[in-house]
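Below you'll find the structure, written out as structure tokens, and then a few comments.
Any read-out appearing in this document is the output of simple, stated calculations on the displayed coordinates, not a laboratory observation. These numbers come from a predicted model, not from an experiment. All Cβ positions, glycine included, derive from the backbone under ideal geometry; neighbour counts span all protein chains shown.
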Amino acid sequence: MTLRLRWPAPAAEWSAAAPVGNGRLGAMVFGDGRLQLNDSTVWSGTPSGPSHALRSVLASGAGPERSQQVRDAIDKRDYRLAESLLMSFEGPYSQEYLPFADLWMEIGGSPTYEGRVLDLDDALVEESFAGLRRRTFASRPAGALCVELIADAPVDVRLRLSSPLRVDVREGDPHTLVVGVAVPVDGAPQHEPDVEEPLRYLELGELVDGYDPFAAVAVAIDTDGRSSYHGGLVIEQATRLLVTISSSTSAADWWTSGAARSRPEHLEAARQQARSAAALGGEALLAAHLADVRPLLGTASVRIGPEPAEPVDVASLLEGDDAALMATVMVQLGRYLLVSASRPGGPPANLQGIWNDQLRPPWSSNYTININTEMNYWGAEPTGLGECQLPLAELLSRMAAQGTAVAKELYGTRGWVAHHNTDLWGWALPVGMGHGATSWAIWMMGGVWLARQLWDHYVYGLDESFLRDQAWPILRGAAEFGLDWLHEDADGVLRTSPSTSPENLFVGPDGHGESLSTSTPMDIALLRDLFTNCLAALDVLGLSDPLREELTSALARLPEPPVIADGRLGEWSEDLVEQEPLHRHMSHLVALYPLGQIAPGSPLASAAAKVLDARGPGAMGWSWAWKIALRARLGDGETALSLFREATMPLEGDAGRYAPVDGSRWGGLLPNLFSTHPPFQIDGNYGFVAAVVELLVRSLDDSLVLLPALPSDWPDGSVRGVRARGGLAVDLSWRDGELVAVSVRKLAGSRPVAVRVVYRDREVELVLGLGDSTDLKDRLLLP
């Protein structure tokens, strides 16, 4: 299946531009000559920022003794005292992901524009003009963004390079442009309007603990025309022009643990990288790019309905009502966006992937780890993009390093902790500047939840070296914190306190909205999951570890999920009234999806369904994606499809205007199919991948369920290469709502794996060794 998306006109705004990326460098292709550039390592802040913030928080009186005072106040339901004490635990905000630069290409004669196409299989944008063709792609092998212009007759082109950041250096010659920018050492989110200096730069020559926040971007060209430098590059009488763009940043040196380079060295490194790429020529660059992305993008595919028309007109898709085609597009687009934003060696995808044009982006375009960062990666393993999770493991190692000091100094525990946000520098403190609402700022499970992604990477890929060397130290440290964070009550049951259910409130005794309580079901579900996975990891690795006894004992004393009087799964440990009954978060349903602790068809599943019924439809992209996945896990494909139709309607109104978090203004899709809160957040795009796959293939620890929640409006389709736990891959197709072909093969793991394959009321028990493949059509009694 080939899938390409078409726009007939240049983008009138950023939200209509087409994204490309190689994990490090990203660009938005407008079509009007603008290429808006990002580098995944261009963040405000410095490596020592988190440790300085921790010292400030400790100096304000926060620490283990005050933590106990908070617990005592919560036990007495003195919420105002508990909140006031917790304000001292809040540091400043985590840092901001920033725009980098813009390349402007002016073509002489202003040829008529004939459209642009984003190829989701080859990861490139092709544009057509009268007498001209332009191709743009982000080459990982070359470490460069590449733009190739081919003209039927000689044309003149002018190139210039600019940046919204402070430009400290500007250089050029007839074949290169180089710009060096200062990167702010501190940034405050847009929702803090009273910050005196929202983006703070150092003075020229000033350092922070030896760190110089600097970034260089370079443009090189190869052409058959004449080129000269006049503040920009002027190319005359060219029929062929190749433009390559590369970067070098101080933050990338830190991320890769490389030697810190001087500003002249960064400028030269960017220049040489761009020149080296240009010297390869367009044909070689494209061949290497395709050899890199095609195997990854081609690992899996989902087609619902007939083969898509070629190419898909995006405006018609948005205006139409073809949910089958939309699902096909959203799965493949989401996979493309993840490959473009998250590759080994660089940071993981943030709230906007790697695409951002704002100096103060929504929610700092950072990592919000009470749902959004996790959702970015829910679809990675099931759709064969396990290597795209590796940047998250790298971030977690940095978070664990920072979070170890925070856990010890702030809470007096072993292990490591993280809260609501993190950033490139591994931020682990609560954020909020001493006035952030406890409903989101005071949540100690961020590291616990994120660590699960590493276990998922193991159970899908069965890479024991990864589990031993990268995942286990992080999982173990998170578990140590969890064990020490639990406190025994009078009945011997373990509890967490303070505890919140992000980001909801309950109605307190005096009618005031409250967030602080003990042992929210989300806390307990996440700790149960972590402890269980750690015990499984110990078994796999054959380790003798004193933590085993602690984990086993703690699991036996965790409270069970509560069901409240009206039959719903409880969000708090007591039967409390939500202040926002239609709240966008489904925090306590984490036990159902993604954790898989609640079995479909069980009484707890019915209680979870009642929560979803009460919460209703609508909200924002990521919330829709979670609701769809939850309905899919429950086997309710019809409601899931209804939610999907809502979530993929065009956004109405101003895409840049923040919607109220109460869900009174719904999100939708932008002209380039980015999902919105609004404003734009990419987690919805990534979440749709996982949610649609969950409707078609459900992989649990003990079973593989085929078409578990197929909507009746999707009677025909196929799945190829979707992954399942145990190193398995599944191919299947269905017609008229019935499975007509299915095979399961084992791609990874040296040990044989037993799996129960389920289709409706039929089951097959399989034992597969590495390389085995089984056609199950006859064994499942298919027609």
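Whole angstrom only: what separates the Cα centroid of the stretch 636-672 from the Cα centroid of the stretch 361-383?
Result: 18 Å between the Cα centres.
DSSP loop chymotrypsin sites (Phe, Trp or Tyr not before Pro) in the stretch 630-685 with at most 11 other Cβ atoms within 10 Å of their Cβ, which ones?
Hits after loop and neighbour filter: nothing returned.
Counting Lys and Arg as +1 and Asp and Glu as -1, each charge on the Cβ, what is the dipole of the stretch 715-775 about the Cα centre in debye, to the nearest 20?
Result for the stretch 715-775 is approximately 360 debye, rounded to the nearest 20.
Counting Lys and Arg as +1 and Asp and Glu as -1, each charge on the Cβ, what is the dipole of the chain about the Cα centre in debye, to the nearest 20?
Rounded to the nearest 20 debye, it is 1080 debye.
Charges on Cβ only, +1 for Lys and Arg, -1 for Asp and Glu, centred on the Cα centroid of the chain; of Val693, His52, Phe644, which one is farthest towards the dipole's positive end?
Farthest towards the positive end: Val693.
What number, in percent, do you get for the relative contact order of the stretch 649-710 if the mean sequence gap of Cα pairs under 8 Å and at least 6 apart is divided by its residue count?
Rounded, it is 21 percent for the stretch 649-710.
How high is the relative contact order of the chain, given as a whole-number percent (alpha carbon pairs under 8 Å, six or more residues apart)?
12
Residues with beta-carbon under 10 Å from that of Arg271, excluding Arg271: net charge, scoring Lys, Arg +1 and Asp, Glu -1?
Here the charged neighbours net out to -2.
What ranking, highest mean first, results for peptides 608-618, 544-554 when packing means the other Cβ atoms within 10 Å averaged over each residue?
Listed from highest to lowest mean packing, they are 608-618, 544-554.
Determine the dipole magnitude for the stretch 377-464: charges of +1 sit on the beta-carbon of Lys and Arg, -1 on that of Asp and Glu, nothing else is charged, the reference point is the Cα centre, and the result goes in debye to the nearest 20.
Computed charge dipole of the stretch 377-464: roughly 420 debye.
Using alpha carbons only, how many angstrom separate the centre of the stretch 111-174 from the centre of the stretch 709-768?
One Cα centre to the other: 42 Å.
How much mean residue ellipticity at 222 nm does the chain get from its helices, if each DSSP H run of length 4 or more adds -39500 (n - 2.57) and you divide by all residues, to the nearest 500 deg cm²/dmol?
-9500 deg cm²/dmol
Explain nothing, just the number: relative contact order of the stretch 715-775, from Cα pairs under 8 Å at least 6 residues apart, as a whole percent.
27
Modelling each spin label as a point 7 Å along the Cα-to-Cβ direction, I'd like the Glu206/Thr112 distance in nm, to one decimal.
5.5
For the pair Glu307 and Leu81, how long in nm is the line joining their label points, each one 7 Å along Cα→Cβ?
7.2
Taking 41 Å as R0, compute the FRET efficiency from the Cβ-Cβ separation of Ala288 and Thr532 and round it to 0.05.
Efficiency at R0 = 41 Å is approximately 0.40.
Of the peptides 421-429, 580-588, 141-149, how do they stack up when ordered by the mean number of other Cβ atoms within 10 Å, highest first?
421-429, 141-149, 580-588
As a footprinting exposure proxy, order Glu126, Glu265 by other Cβ within 10 Å, with the fewest listed first.
Glu265, Glu126
What is the extension gain from Trp104 to Asp575, computed as 0.36 nm multiplied by their sequence separation minus the C-alpha to C-alpha distance, in nm to one decimal?
Going from the current span to full extension adds 163.7 nm.
Here are a few candidate values for volume of the Cα convex hull per residue in Å³: (1) 258; (2) 233; (3) 153. Which one was actually calculated from the structure I just gave you?
Matching the structure shown: (3).
Please list, or write none, the lysines whose alpha carbon is within less than 18 Å of the alpha carbon of Lys610, excluding same-chain residues fewer than 8 places away.
Output for Lys610: Lys627.
Separation between the Arg240 and Arg779 pseudo-spin-labels, each 7 Å from Cα along Cα→Cβ, expressed in nm?
Computed distance between label sites Arg240 and Arg779 equals 5.5 nm.
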